[in-house]
1. Would you mind telling me which numbered condition in (1) more than 15 Å from the chain's Cα centre (by Cα); (2) within 14 Å of chain B (Cβ to nearest Cβ) residue A:89 fails?
2. Please tell me if residue B:144 is modelled with pLDDT under 90, assigned to a loop (DSSP other than H, G, I, E, B), within 14 Å of chain A (Cβ to nearest Cβ) and touching a helix residue (DSSP H, G or I) at 6+ places or on another chain (Cβ under 9 Å).
3. Any idea which residue in region B:13-36 is farthest from residue B:90 (Cα to Cα), counting only those that are more than 18 Å from the chain's Cα centre (by Cα) and more than 8 Å from chain A (Cβ to nearest Cβ)?
4. Please find, within region A:129-145, the residue that is surrounded by the fewest Cβ atoms within 10 Å (Cβ to Cβ) out of those that are touching a residue at least 40 places away in the same chain (Cβ under 8 Å), over 17 Å from the mean Cα position of the chain (by Cα) and over 30 Å from residue A:284 (Cβ atoms).
5. Assess whether residue A:170 counts as being without any contact (Cβ under 8 Å) to a residue 12 or more places away in the chain and closer than 30 Å to residue A:281 by Cα.
6. If you go through region A:204-231, how many residues are away from chain B (no Cβ under 11 Å) and closer than 19 Å to residue A:104 by Cα?
7. What is the one condition in (1) surrounded by fewer than 18 Cβ atoms within 10 Å (Cβ to Cβ); (2) within 14 Å of chain B (Cβ to nearest Cβ); (3) part of a helix (DSSP H, G or I) that residue A:75 does not satisfy?
8. Can you find a residue that is closer than 27 Å to residue A:255 by Cβ and crowded, with 21+ Cβ neighbours inside 10 Å anywhere in region A:146-167?
């Protein structure tokens, strides 16, 4: 047996926009052990949520993550609506789908760009982010903000999408498809991308289940699980089927995200077509009491909120479990056996978000 | 009380987790609640599209066995609950000794609403500085960050 070497990966690393430290144990160039340490960006948001009134927490929870801001607000609003037994107007449910899917497109394109960047494929990185820029502009036009959308509210949404804006959104997304086709062609055929991603960081179906993987990390290992199949918001009326790949490697996870971009475009199209007329928010009265759990499918996977109310304006407890938190144990399963040079791309392939994870 | 919730005793936790694992359940997360004289710990599992919850009530001086031997992904959740709330979980596969999120000299058990009694006055996770409270799996993990020594550059700047 070769002597082992311990290599620190992170907390600052070129492929990671956020900090995590992986303590890698190597035999020659092969990883044989890994221990993560996090805690660099812990902000105590769960505690902060107990100290503020439940109605003002929407803005706080959106700031758990800059990339998936809307879905955090949505999960929080759903959990409070569940405690208050409030009914959301049908139009608001469709608008929640539109905002959620715009967010998913921008997040997945961000990932595809970061992957290309990690592979040293700068032109592909720029192409991905050029397409993403158009989507972020759409978010600004519809929600009023490029990153923190602030369009979700307890009881509905804050901003409507009128007929003209709906038509422009659908037309813009349709115009992006040919650009996305070109990105898909490169990702599908480029020798460098395939060599660095196919067969790397394999997570089997059994390992994905045992370690609790969620989102594209889980679906890339052949498990057809997606919270959208539970029909929250208006997903139950839009004919949603999860996208699944079976290889379980970095490439499979990437392909799931790429295919989900197309799927999200179609979901937005259908939601805008089927969206009923009516109010966009219900009037909310009372204070939350009891316990409730809300789940949504964030771009990185299942996001779960647990809340306990005691009849006052402050929640007694708010618990948040984000997708990257669930995908860290699967990452620790993927890394042993890989080459040191593959660690950055495999780590990136779970699309990690540590601000989310640490809250 | 949540939908699909079962209340069990602490002694049945590991066996019940194993039974759920064999049924194909996925561990979603666990939530710890400070209920004054005791903790409530709720384990959330997903079985196909439905959630199932196991609730334990545990006296603050009592210990809860780790389920990281059944669900390997539980180690982060259990470390967090132990560190931020003070639930005394034993046998975690990787024990961060109260230093997953918090730093030395910072707040202890920020999510707890009352003090833990019956454990010799020591807060969980507050062992000797620089030492892990956990088993020998990570005895020397000090994370190499946030040195308690003042940064000399700050003094120059001031």
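The values are calculated or read from the model by the stated rules, or taken from the named source; none is laboratory data. Keep in mind the model is a prediction, meaning the values are calculated, not measured. Here the Cβ is made from the backbone with ideal geometry for all residues, glycine too, and neighbour counts use every protein chain on show.
1. Going through (1) more than 15 Å from the chain's Cα centre (by Cα); (2) within 14 Å of chain B (Cβ to nearest Cβ) one by one, residue A:89 breaks only (2).
2. No: the conditions fail for residue B:144.
3. Checked region B:13-36; the qualifying residue farthest from residue B:90 (Cα to Cα) is B:23.
4. A:130
5. no
6. Number of matching residues: 5.
7. (1)
8. no
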